[in-house]
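Have a look at the structure below, then the notes.
The values are calculated or read from the model by the stated rules, or taken from the named source; none is laboratory data. In this text the structure is predicted, and so the values were computed from the model without any measurement. Glycine also receives a Cβ, built like all others from the backbone with ideal geometry; neighbour counts cover every protein chain displayed.
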Amino acid sequence: MRLQSLDIFVVAPPAPGWGGRYWIFPKLTTACGIVGYGECYASTVGPEAMKAVIEDVFSRHMEGENPENIELMFRRAYSAGFTQRPDPTVMGAFSGLEIACWDILGKARNRPVWALLGGKMNDRIRSYTYLYPEPGKESAEFWVSPDQAAEAALRFVNLGFTAVKFDPAGPYTIRGGHQPALSDISRSVAFCKAIREAIGDKADLLFGTHGQFTTAGAIRLGQALEPYFPLWYEEPIPPDNLLEFDTVARSVRVPLATGERLTTKTEFGALLRHGGVKILQPALGRVGGIWEAKKISAMAEVFNAEMAPHLYAGPVEWAANVHLATSIPNLLIAETIETGGSFHQALIKNSLTWEEGYILPPDAPGLGITFDEDLARAHPYRGKRLHLEMQEAPCSYSAENRFEGGAASE
């Protein structure tokens, strides 16, 4: 087998857009006609520029290569330009291409990808969702209302979820970490209290942040959450200072989770060596792909740490997450958008199954999905903005801070 050609789909999910402003799917075809699909999560540049990066990574490091040679192609991309260090843009491009290679390899052998990763360790994958409003009931108020969050939590728990995630802690800014406003701490506590009262002990609370806080600010907020026993406190400080996670962990009695913005085993290794984080959340479309995530899960075993693959993207990354999760012994949980996401599932023709709080590993060859190219072409992204964007304005200490979930308005 030899990798011969590349096509790229940049797809805009319809409103409300759970999963980001657009999704990037590379399609690889071998000289013998086997097709594989992947997904690139990193988007530090606009979609046209990212397409150019993906094309360059493919032509420079992968075209004409045997798709079995995952390790060789990774080392080429990782070393490109005399670097050999994490680069979210290049590794994000490679990640999507690498996932497509695994899809090809499974199809060539008529086996699901999980069978090529060591086999089926887990018969089903525990999943969680963010708290989203009911379809047709979206409003800015939902994201700052403890009562509405509690209603949503109960709705998802009644569907079968045993964990739900929410993020009421204020703005994500380009300015780095900040001290939370007292109103942000009060709202965060109110969310935990209302949700815990609504669902009791039927589900874990996953408290999300996105690197908003200074070390001291993260400790202040984290200590306020302790009475509600969250399963995790997610990415409380920016990901550009990995050593500070240990300082937070020593002061807060809630497990720390992080990883969606980290790239390659190099960065995850630094977290593990310093001991502050025991729940790792790689995004397979950014971290280096399925094989790199498998290496990270093996490293995590040595440190008694668990894996919780992240998803705020499209359904191909979700499928990759499922195959990784199926094959590893230290799985905690995997993110799902609602019960699979209506457009997510439509784009793969409902080929992944979510059932009573769990994802069922597919048995079909490759990633086990049926990618709908016609639907993808019918929803192109034609804008110039990024998949997700942070605000420039600082945190306010007088007016109420609001963050309207992950839906990206154009």
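What to note about this one:
- In region 224-239, residue farthest from H210 (Cα to Cα) [restricted to those that are touching a Gly at 6+ places or on another chain (Cβ under 7 Å) and modelled with pLDDT of 95 or more]: Y233
- Residues located in region 169-182, provided they are aliphatic (A, V, I, L, M) and either surrounded by fewer than 16 Cβ atoms within 10 Å (Cβ to Cβ) or farther than 15 Å from F142 by Cα (or both): I174, A181, L182
- Scanning region 329-360 for residues that are among the β-branched types (V, I, T) and touching a strand residue (DSSP E or B) at 6+ places or on another chain (Cβ under 6 Å) yields I333, T336, T339, T353, I359.
- Taking the numbered list (1) on the phi > 0 side of the Ramachandran plot; (2) in contact with a strand residue (DSSP E or B) (Cβ under 6 Å, 6 or more places away or on another chain) in turn, F229 passes all entries but (2).
- Of the residues A198, A218, A169, A152, the single one that is touching an Asp or Glu at 6+ places or on another chain (Cβ under 9 Å), part of a loop (DSSP other than H, G, I, E, B) and small (G, A, S) is A169.
- Residues in region 1-59 that are in a helix (DSSP H, G or I) and either surrounded by fewer than 20 Cβ atoms within 10 Å (Cβ to Cβ) or more than 20 Å from the chain's Cα centre (by Cα) (or both): E48, A49, K51, A52, V53, E55, D56, V57, F58, S59.
- Region 171-189: number of residues that are under 30 Å from K202 (Cα atoms) and touching a Cys at 6+ places or on another chain (Cβ under 6 Å): 1
- Complete set of residues in region 183-221 that are surrounded by fewer than 22 Cβ atoms within 10 Å (Cβ to Cβ) and free of Cβ contacts under 8 Å to residues at least 40 places away in the same chain: I185, S186, V189, R196, G200, D201, T214, T215, A216, I219
- Residues that are among the hydroxyl-bearing types (S, T, Y) and without any contact (Cβ under 8 Å) to a residue 60 or more places away in the chain were ranked within region 70-125; the one that is farthest from E39 (Cα to Cα) is T83.
- Helices (runs of 4 or more DSSP H) contained entirely in region 231-322, each with at least 2 residues that are closer than 29 Å to P26 by Cα and in contact (Cβ under 8 Å) with a residue 24 or more places away in the chain: 264-274, 290-302
- Of the residues making up region 374-393, those that are modelled with pLDDT of 90 or more, surrounded by 13 or more Cβ atoms within 10 Å (Cβ to Cβ) and either over 19 Å from Y41 (Cα atoms) or of a type in the set (G, A, S) (or both) are L375, A376, G383.
- Residues in region 390-402 include at least one that is more than 28 Å from V113 (Cβ to Cβ), under 18 Å from the mean Cα position of the chain (by Cα) and assigned to a loop (DSSP other than H, G, I, E, B).
- Region 251-285: number of residues that are among the hydroxyl-bearing types (S, T, Y) and more than 23 Å from S43 (Cα to Cα): 1
- Qualifying residue in region 240-253 (condition: small (G, A, S), at pLDDT 95 or above, crowded, with 20+ Cβ neighbours inside 10 Å and touching a Ser or Thr at 6+ places or on another chain (Cβ under 8 Å)): no
- Output for region 332-363, where each listed residue is part of a strand (DSSP E or B) and not aromatic (F, W, Y): A334, E335, T353, E355, I359, L360
- Residue among H210, H274 that is closer than 29 Å to Y78 by Cβ, at pLDDT below 95 and over 15 Å from the mean Cα position of the chain (by Cα): H274
- Hey, G314 within 23 Å of S43 (Cα to Cα) and surrounded by fewer than 24 Cβ atoms within 10 Å (Cβ to Cβ) or not: no
- Checking each residue in region 60-111 for being surrounded by 14 or more Cβ atoms within 10 Å (Cβ to Cβ), of a type in the set (V, I, T) and either within 18 Å of T44 (Cβ to Cβ) or at pLDDT below 95 (or both) picks out T89, V90.
- Every condition in (1) over 28 Å from I219 (Cβ atoms); (2) surrounded by fewer than 21 Cβ atoms within 10 Å (Cβ to Cβ); (3) not aromatic (F, W, Y) holds for A152 except the one numbered (2).
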